[in-house]
Amino acid sequence: MILMKRLGIFASPLLVAALAATGCSKSGSSPSALTAAELPATVNSAFNKSSDQTKEVEATFVADFQNQDPAAAFAQLQKLRAERDLTPQQQGVVVRAWMTTMQQLQTAAQNGNPSAQTALHQYLSSR
């Protein structure tokens, strides 16, 4: 429960970043997390014209996500977030993927996955 409250503190900046990256829609709705089923195709599509280095990070993220390794996927997504040449569309997809990956990381940590617990602890203590 405490972990969920701590994560809630960081949700607002993520949503603000998503709105800034994707622009406000006419409906005013916030971006939503990608479903596990739609994440691979959505992320692949958003990064299909990226540099080879960015594509490599994106492909590793998607592979880790599909292999249900949330700690490794989270680490790759952090690298992807740090890329400086992302388009606004890519930034929006990264935010939506971040929300999905964070949910999976938190669930894995709560279920006793030690690598997920470590990754989540490191992330929260760096904030």
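Just so you know, all these numbers are worked out from the coordinates, no wet-lab data involved. All figures in this text were calculated on a predicted structure; none of them were measured in a lab. Backbone-built Cβ (ideal geometry, glycine too); neighbour counts: all protein chains shown.
For the stretch 68-77, the condition of being more than 20 Å from residue 124 (Cβ to Cβ) and among the aromatic types (Phe, Trp, Tyr) holds for none of the residues. Quick check: is even one residue across the stretch 96-105 over 19 Å from residue 32 (Cα atoms), hydroxyl-bearing (Ser, Thr, Tyr) and part of a helix (DSSP H, G or I)? Scanning the stretch 96-105 turns up no residue that is over 19 Å from residue 32 (Cα atoms), hydroxyl-bearing (Ser, Thr, Tyr) and part of a helix (DSSP H, G or I). Restricted to the stretch 108-120, and to residues there that are in a helix (DSSP H, G or I) and touching a residue at least 12 places away in the same chain (Cβ under 8 Å), the residue that is surrounded by the fewest Cβ atoms within 10 Å (Cβ to Cβ) is 118.
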